[in-house]
Amino acid sequence: EGQGDGAAYVGGAVALECAPFARVLSGVTLRGPADTWWSAADGLYARGHAPAVGSVLVFRRSDRLPSGHVAVVARVVEPRRILVAQANWVHHRVTEDQVVVDVSSANDWSVVRVFWPPAGQMGMTEYPTYGFIRPQRPASTEQIAAATPKAVRIASQE
């Protein structure tokens, strides 16, 4: 099921949260609510404010995201535009190649907007983020694309 040039759904409806999916797909083995991943990564994984393929973007807790959110960077398109693979941004869906743009005034990925597949356009809400957690062995764009369906199956069983 394609969603224009902003995202594509993987498979059908899946009752899968973002954290187990990101853990399986990225190899960042953190557990707990998504918004706790940033502090939990301290001393275990490199963290930064620039996207890299295979890294995990950690969203802060907000009214719209009470437990935060995590997404895996599949491609860096431009310095302020990436494509991610993520679960449950759209309820019970896994999306790949979903556009996320940095709208922070400091160019540091501290505030982002995310493509909203049901509307077929960029979402208007600005979401605060912590930054990117880098796995010890980041996957390539091709490896992430190939591993996404299997990650859905594995994470669904956690």
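Other residues lying with their Cβ under 11 Å from the Cβ of residue 125 contribute a combined charge of 0, Lys and Arg counting +1, Asp and Glu -1.
Net charge in the neighbourhood of residue 20 (other residues with Cβ under 11 Å of its Cβ; Lys, Arg +1, Asp, Glu -1) is 0.
Calculated mean residue ellipticity, 222 nm, the chain: -5500 deg cm²/dmol, from DSSP H runs (n ≥ 4) at -39500 (n - 2.57) each, averaged per residue and rounded to 500.
Could you give the semi-axes, largest first, of the ellipsoid that matches the chain, computed as the square roots of 5 times the alpha carbon gyration tensor eigenvalues and rounded to whole Å? List each step's numbers first, then the result.
Details: eigenvalues 76, 70, 46 Å².
Equivalent-ellipsoid dimensions as semi-axes: 19, 19, 15 Å.
What fraction of the Cα pairs in region 110-158, stated in percent, has a spacing above 17 angstrom?
Of all Cα-Cα pairs in region 110-158, 64 percent lie more than 17 Å apart.
How large is the charge dipole for the chain, taken about the Cα centre, if only the Cβ atoms of Lys, Arg (+1) and Asp, Glu (-1) carry charge, to the nearest 20 debye?
Values: 15 positive and 14 negative charges, 62 e Å.
Charge dipole, the chain, about its Cα centre: 300 debye, nearest 20.
In this structure, the amide hydrogen of residue 131, modeled 1.01 Å from its nitrogen in the peptide plane, lies closer than 5 angstrom to those of 58, counting only residues at least 5 positions away or on a different chain.
Surface composition of region 1-119: carbon plus sulfur atoms hold 48% of the accessible area, using a 1.4 angstrom probe and ignoring ligands, DNA and RNA. Once the chain from residue 64 to residue 49 is taken as fully extended at 0.36 nm per residue, the excess over their C-alpha distance is 3.2 nm.
The values are calculated or read from the model by the stated rules, or taken from the named source; none is laboratory data. What you see is a predicted model; the values in this text were computed from it and never measured. Backbone-built Cβ (ideal geometry, glycine too); neighbour counts: all protein chains shown. Surface accessibility is based on the protein's heavy atoms, side chains included, excluding ligands, DNA and RNA. Shrake-Rupley method; radii C 1.70, N 1.55, O 1.52, S 1.80 Å.
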